[in-house]
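**Q** Please see the structure below; I have some questions.
What follows draws every value from the coordinates through simple rules; no lab data is involved. Just so it is clear, the structure is predicted and the values come from calculations on it, not from any experiment. Every residue, glycine among them, receives a Cβ derived from its backbone with ideal geometry; neighbour counts consider all protein chains shown.
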Amino acid sequence: MISIVWAIVFILLAPVAGGLVAGIDRRITARMQGRYGPPILQPFYDVGKLFEKEHIVVNETQIFYVICYFIFMVFTGALFFSGADLLLTIFALTLAQIFLVLGAYATYSPYSHIGAERELIQIMAYEPMVILAAVGMFVVTKSFNVSDIAASSVPIVLLIPGIFLGFLYVLTIKLRKSPFDISTSHHAHQEIVKGITTEFSGPSLGLIEVAHWYETIFLLGFVYLFFGFNPIIAIIAVAIVYLLEILIDNTNARVKWQVAMKSSWAIAAIVGVLNLGVLYYLGV
Amino acid sequence: MEIVQLLLFLILFPLITAVFMLLVGKDTERNWIVKLSALGIGAVLVYLLITGFDKGTLYFAIGSEPIGLVMFAIELAIAVFILYMGIRYKNYLVVSLIVLQTIVMIAFEAMFAGGVDVQYNLFVDQFSIIMALIIGIIGSLICVYALGYMKQFHEHHHSCSDRRNQFFFILFVFIAAMFGLVFSNNIIWVYFFWEITTLCSFLLIGYTKTDEAIANAFTALWMNLLGGVAFAVAILYLATLGGGMMGLDQLLASGKVIALIPAALIGFAGLTKAAQLPFSSWLVGAMVAPTPVSALLHSSTMVKAGVYIIVRLAPIFQGTFSGYALALVGATTFLLASGIAISQSNAKRVLAYSTIANLGLVVACAGIGTYEAIWAAVLLIIFHAISKSLLFMAVGTAEHHISSRDIENMHGLIRRMPRVAAMMVIGIAGMFLAPFGMLISKWVAIRAFIDAPFGFIFVIILAFGSAITVFFWAKWMGKIISVTPDCENIEGKVDRSEWIALVTVAGLSIITCFIFPLISTFLVEPFLLRNYGQAAQLGQYNIIIMIMMLVLLVVLPLSVLLPHKRHKHVMPYMGGRQTTPDMHFSGSLGIQRQMELSNYYLENIFGEKKLRPLGIYLCTAIIAIMLAGAFATGVFL
Amino acid sequence: MAYLKKSPWIIHYDASSCNGCDIEILASLTPMYDVERFGIINTGNPKHADIFVVTGSVNEQNREIILNIYNQMPNPKAIVAVGICATSAGVFRECYNVAGGIDKLIPVDVYVPGCAARPESIIDGIVTALGILEEKRKTLNTAPEGAAAAEPALVVQEPAGGAQ
């Protein structure tokens, strides 16, 4: 069942929700660090400022790629919340990310280039786990459609706990949080300057930021699916997961990409084989 | 025209063209004949499609005895030729294999050929039509492409003698043989055409006659001959212990156990032809051949014959231990070959390993053999043939202008050769991005694997392999679209016939994505229904969503034509260092350096030296288990 | 809306400073002073920055770099010269190897004297720059195209030491 209404709700409200989540994130991070932190609406001020700035580019093609990245990121989230096929949503997400990577490559800049290579390694690291998460959900609910999974009364997280933990592991990568913020990171955590977003300024950067909000809401929605059998528990679980991510972000230093990739793969392989194997053996 | 006449036309007409190819004197004559032949073949194929798609499976009885004898005579001639070549180049492995193969065939012919009775030698069904479309349309386009390519090739390579007459002769003989292969119901006929493709491949790989080319040609020869020996043994088995069955229809109808041993042997032959591990090195080595050879034989057609026969025999493998072993060979090849592709910077080697990997995926689907898996396999075959041939042709064209086939030299291709770069980008996107064909096929494969018993192992392998392919395709794409300072447009001298081929195949790759629901409904699903009793399809919503994405992807790039204000341009951030527009910057100690960007190749994780031996050991073991399992099942049951 | 005032991102560069002022700038980011309260983030990337915080008295090597960073910042932008060396070269005014302050190269908007400047002064200076940024943003939007403040010329010099 595809729900256009939910898709439109997502398209309109996700930036607001995503920005608030980002603001709360920074506030809690600051408190963890013994500071006051910015106001919760700060991300909106940031994006507002970015759209007011002059639009400097290295070449014109990068704008095209960023716009495509934005469009397909919104498309991905809209697909997800309208209840469509989960695998197709994951593939649409990959398409969106590839556009951002291409935008970085297009600038022919050293920091962008390294950021783009690392971003691809990141994608390679988390993609198996995300696909296996979708497969796990199919195995226990017999459907790939988000609408069916969300409405299912099957306690998904209890049946695929290994896959859930594996998904949390790679969620850190997707949210661009330490220790896996190797291609670009929030604000102060530079390493290769700003990595993939180095050569974007003003409105382009604002678009990337808003796209990341859309992505965050989509990812939180994915976490929700694991607990879909009880909406109240699900929302609490999503909140706890996000708080956990913030905690991990603040207590870990960035790792090398080799560590990120190998550990993600090892975890995906192990939980995939064990969890799916057990389910298969039990005849689920 | 009756359908059987269309089939005979398709098999025999390229032979006529081939003979003309030997006789032409001037380039213009050749150009005309090739282009007219391409049009002829294409027209007949379209007619076949229109008249044949809804007829189900049709069988045709064509006189067996005299044709059988002619085939045997040609096989002997080929064997003598290969024997001569083996002796002349002192390749005794090839000598022993061809002798062994010939002994088996002579034994069969002398003792048992009389007892074999195949009612129908030719047949056609929707899968044959699909294969024929690929062979005919893409094959003909590649021959057109070869007109321009080979002309430039010989201008660049003076050391290679210009034997284009022979080259095109072999190309068209090959196309005829491929048509014969996919329309044959008689297994001996399949074997005959199979061996012709082996010979064509051998001759074409060695075309440049350099030491490396000759060595690689012989590698291809012995590996394919190994498969040929297995094939011959299968025929002997069928003639003796198999009750004289020699038709594919009889084999498929016979019930699994009897047919398993010959199916496993023929499956083994398919594995060698499709360059699955441990037989991958011949395909990678074959990349020394001129690009049309790589595009036609070694990506879209000949290697597809290997997986074609495995898909044909899939009902026999379904649910058996040997079937799973076969699928595991394919899956392992998919994973490891994709990994090796990351570490390659030679564009043709990347394409070769990607081909091996995707063929592995088809083999995995065929080994699993459920109706969903076969659906995925057929879709994979279609989309891979289109995208890969496009990529090979684009790389070949680019190579002549940038004098390199190394990806590291393709930076800024979007500036230097915009339209060729666009073709390459379409090809690459077609290989791994949603909503293009290959990704849809992989999606279908995931669903197919989940539903199969023990499928979760294959799903996991597919998930990892799929992630790996994203990496090496995207980084190549990034190289092409990076806007570099050196931007002299060197595209102007691309040959017209190359353009025709490139644009047509690029257009095909996009159009097939749009009409894929039609292909599925009218061609693939009836085929599945007849052979498996069930048909699979993508949900209606999914198709709508994919069409939406396609429309977006086609429309969005057109936005660059819209007028927009030019933004302020600055240099990339170089730490503030003074940098010239062509990216010379003042480095430490005041020394001027040139900025160079290169891709990650991750040699120490994905290097050929690491992954290939692993693959060879693993797959040799699994193949041994597969054959043992088949023999055990066949002997004891 | 006055977003620039609420979200000023800075890029910091040390133009041959003794690092004293730089350490004080760093101190402003710590929980003690916590400038992120004001939305200030230290980005290392001129393309993302609004305020250019410079210390030091500028030697030969720094010249081009300051100009490059300045030119890669999108408008509106403000320059804050921190420390007496950035303001007027301080005790090094007569030295042969320094230019004598940031304003010898690029137009400075706010001067924060001190040796080393205290974090409170630095924060005060940046907050002052916010108001200037707002003013510039208004003129940026109302000014005709091309009437922005003339960019200091980026002289493409012959490569020192010849092409290597």
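**Q** Can you give me the P(r) profile for the range B:1-55? Cα pairs, bins 5 angstrom wide beginning at 0, each as a whole percent.
**A** So the P(r) values, bin by bin, are 4, 19, 25, 20, 13, 9, 6, 2, 1.
**Q** Per the helix-only calculation at 222 nm, which mean residue ellipticity applies to chain B, given -39500 (n - 2.57) for every DSSP H run of n ≥ 4 and division by its residues, nearest 500 deg cm²/dmol?
**A** On the way: 27 runs with 453 residues, N = 637.
Mean residue ellipticity, 222 nm, calculated: -24000 deg cm²/dmol.
**Q** How large is the direction-averaged shadow of the alpha-carbon convex hull of the range B:588-637, in nm²?
**A** Working: hull surface 22.0 nm².
Mean projected area of the Cα convex hull: 5.5 nm².
**Q** Hey, what did chain A get for relative contact order, percent, Cα under 8 Å, at least 6 apart?
**A** Once divided by the residue count of chain A, the mean separation gives 27 percent.
**Q** Can you list the equivalent-ellipsoid semi-axes of the range C:1-107, largest first and in whole Å, using the square root of 5 times each Cα gyration tensor eigenvalue? All intermediate terms of the calculation are to be shown ahead of the outcome.
**A** Values: eigenvalues 118, 54, 21 Å².
The equivalent ellipsoid of the range C:1-107 has semi-axes of 24, 16, 10 Å.
**Q** Within a 10 angstrom radius of the beta carbon, how do C:Arg93, B:Arg312, B:Arg164 rank from fewest other beta carbons to most? Let's see the in-between values first.
**A** Details: C:Arg93 13, B:Arg312 23, B:Arg164 19.
In increasing order of surrounding Cβ atoms, one gets C:Arg93, B:Arg164, B:Arg312.
**Q** Can you give the three extents of the C-alpha atoms in chain B along their principal axes, from longest to shortest, in whole Å?
**A** So the extents along the principal axes, rounded to whole Å, are 84, 57, 50.
**Q** How high is the relative contact order of the range C:3-142, in percent, with contacts defined as C-alpha pairs under 8 Å that are six or more residues apart?
**A** Values: 280 pairs, mean separation 39.0, N = 140.
It rounds to 28 percent for the range C:3-142.
**Q** Then there is this: When all alpha-carbon pairs of the range A:1-135 are counted, what percent fall beyond 22 Å?
**A** Values: 4982 of 9045 pairs.
Of the Cα pairs, 55 percent sit more than 22 Å apart.
**Q** I would also like to ask the following. I need to check one value: relative contact order of the range A:1-65, counting alpha carbon pairs closer than 8 Å and at least 6 residues apart, in percent.
**A** Numbers: 29 pairs, mean separation 14.4, N = 65.
Contact order relative to length: 22 percent.
**Q** Follow-up question, since we're still on this one. Compute the semi-axes of the equivalent ellipsoid of the range B:279-344, taking the square root of 5 times each eigenvalue of the Cα gyration tensor, and list them largest first in whole Å. Please report the intermediate quantities before stating the final value.
**A** On the way: eigenvalues 132, 55, 11 Å².
They are 26, 17, 7 Å, listed from largest to smallest.
**Q** What is the order of B:Tyr92, C:Tyr96, fewest Cβ neighbours within 10 Å to most?
**A** Ranked by crowding around the Cβ, least crowded first: C:Tyr96, B:Tyr92.
**Q** Let me ask something additional. Dipole of the protein assembly as shown (Lys/Arg Cβ +1, Asp/Glu Cβ -1, origin at the Cα centre): which of A:Ser264, B:Ala628, B:Ile310 lies farthest to the positive side?
**A** So the residue furthest toward the plus end is B:Ala628.
**Q** Related question: I need the shape label for the range A:164-214. Rule: rounded when a/c is under 1.5, else prolate if a/b > b/c, else oblate, with a, b, c from the alpha carbon gyration tensor. Write out the running numbers ahead of the final one.
**A** On the way: a/c = 3.32, a/b = 1.59, b/c = 2.09.
Cα axes put the range A:164-214 in the oblate bin.
**Q** Ratio of Rg to Rh for the protein assembly as shown, alpha carbon only, Kirkwood?
**A** Working: Rg = 32.2 Å, Rh = 31.4 Å.
My calculation of the ratio gives 1.03.
**Q** Let me ask another. On average over all directions, what projected area in square nanometres does the range B:132-283 have, based on the convex hull of its Cα atoms?
**A** Mean shadow area of the hull around the Cα atoms is 9.7 nm².
**Q** Moving on. Find which of A:Ile4, A:Ile233, A:Pro128 sits farthest along the positive direction of the dipole of chain A, computed with +1 on the beta-carbon of Lys and Arg, -1 on that of Asp and Glu, about the Cα centre.
**A** The Cα lying farthest towards the positive end belongs to A:Ile233.
**Q** Please report B:Met548, B:Met105 as a ranked list, fewest other C-beta atoms within 10 angstrom at the top and most at the bottom. Intermediate values should be presented prior to the final figure.
**A** On the way: B:Met548 13, B:Met105 25.
Fewest-to-most Cβ neighbours within 10 Å comes out as B:Met548, B:Met105.
**Q** Please report, largest first and rounded to whole Å, the three semi-axes of the ellipsoid equivalent to chain A, where each semi-axis is the square root of five times an eigenvalue of the C-alpha gyration tensor.
**A** Those come to 30, 20, 19 Å.
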